[in-house]
Amino acid sequence: MRVDVVSIFPEYLAPLELSLIGKARGLGILELQVHDLRTWTNDVHRTVDDTPYGGGPGMVMRPEPWGRALDQVATPESTLIVPTPAGEPFTQRVAHELADLPHLIFAPGRYEGIDQRVLDHAATRMNVREVSLGDYVLFGGEVAVLVIVEAITRLLPGVLGNADSLVEESHTGGLLEAPMYTKPAVWREQPVPEILRSGDHGRIARWRRAQAVLRTAERRPDLLAAADLDKRDLDVLNE
Ligand SMILES: Oc1ccccc1-c1ccno1
C-alpha cells in the first residue's frame with residue numbers, strides 16, 4: 001500500500017516513522033510520504049488560507065495549493081481521505097475497507113476546513129471519503145491521520161507477527177474484547193479469574209465470548225444489533 005499525506009504541519013506526522021508503522025515501511029509493506037502543502041503555493045507568503053465567503057469566524061484553506069498538490073500526487077487508483085467532523089464514522093469496518101486499497105492520499109485540513117471545491121473536483125477523478133473519528137472537534141486533521149494510518153497499517157498482511165491478534169480484538173465480529181490478564185496470578189489481593197488458569201481452552205473461549213457479549217451490552221448496546229450473536233450469546237444476555 002502507498003500512502004501520501006499532504007499537510008501544512010508535516011512534522012506532526014513524524015510518529016509515522018516509529019514502531020510498527022516504521023517496521024511496515026522498512027519491510028516495504030507500506031510506502032509512505034509526507035508532503036508540505038506550502039510546496040504548492042506560489043506567493044511570497046506561501047498563503048494557504050483566506051476568509052470564508054458568506055462571512056463567519058476563522059479561515060478556510062484555499063483551493064489552489066490543494067489542487068496543485070493533488071494534480072501531482074494523485075493517480076487513477078488513488079482514494080482521497082479527508083478527516084473532518086462532518087465525515088462518516090471511522091470504524092474498524094472502514095479501516096478494513098481502506099486497508100484493501102492501493103493508494104490513499106490524506107488531506108488533513110486546518111482552520112475551518114478545506115474549500116469544498118477541492119473535494120468536489122477530486123471526486124471527478126478519484127474516490128473521496130470524508131471520515132470522522134468521533135463527535136468532537138480538533139485543531140486539525142493531522143491527529144486523525146495518525147489514528148487512521150495506524151488502524152489501517154496493523155491490518156496489512158505481515159505487519160502483526162501473530163495474525164491471531166486480529167481475531168480476538170475489540171470490534172472483530174462486532175463485539176468489544178473480553179478483559180485480559182497476565183502474571184502475577186494475584187495482584188493487590190485481586191486474583192485472575194480461575195477459568196483462565198484452568199487450561200480448558202474450550203471453557204476459556206466460551207468465558208471470553210460471554211464476557212465480550214456482556215461488556216458490549218453494557219458499554220456499546222448500539223453494536224449488539226449488528227453483532228453476529230448465537231443462541232449461547234443470547235442466553236448469556238438473558239441470564
Ligand atoms: O475536528 C477536526 C478538525 C479537522 C479535521 C478533522 C477533525 C475531526 C474531528 C473528529 N474527527 O475528525
Residues (within 12 Å of the ligand (Cβ to nearest atom), modelled with pLDDT under 95 and touching a helix residue (DSSP H, G or I) at 6+ places or on another chain (Cβ under 8 Å)) located in the stretch 92-138: none
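Confirm whether residue 87 is within 16 Å of the ligand (Cβ to nearest atom), in the same structural domain as residue 157 (by TED's automatic domain parsing) and under 18 Å from residue 142 (Cβ atoms).
Details: within 16 Å of the ligand (Cβ to nearest atom): yes; in the same structural domain as residue 157 (by TED's automatic domain parsing): yes; under 18 Å from residue 142 (Cβ atoms): yes.
Yes.
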For the stretch 206-229, give me each residue that is touching a helix residue (DSSP H, G or I) at 6+ places or on another chain (Cβ under 9 Å) and acidic (Asp, Glu). 228
Consider the stretch 37-50. How many of its residues are under 17 Å from residue 118 (Cβ atoms) and not aromatic (Phe, Trp, Tyr)? 9
For the stretch 180-239: of the residues being under 29 Å from residue 89 (Cα atoms) and basic (Lys, Arg), which is surrounded by the fewest Cβ atoms within 10 Å (Cβ to Cβ)? 219
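The values are calculated or read from the model by the stated rules, or taken from the named source; none is laboratory data. Everything numeric in this text was worked out from a predicted model, so none of it was measured. Neighbour counts are summed over all protein chains in view; Cβ atoms, including those assigned to glycine, are modelled from backbone coordinates with ideal geometry.
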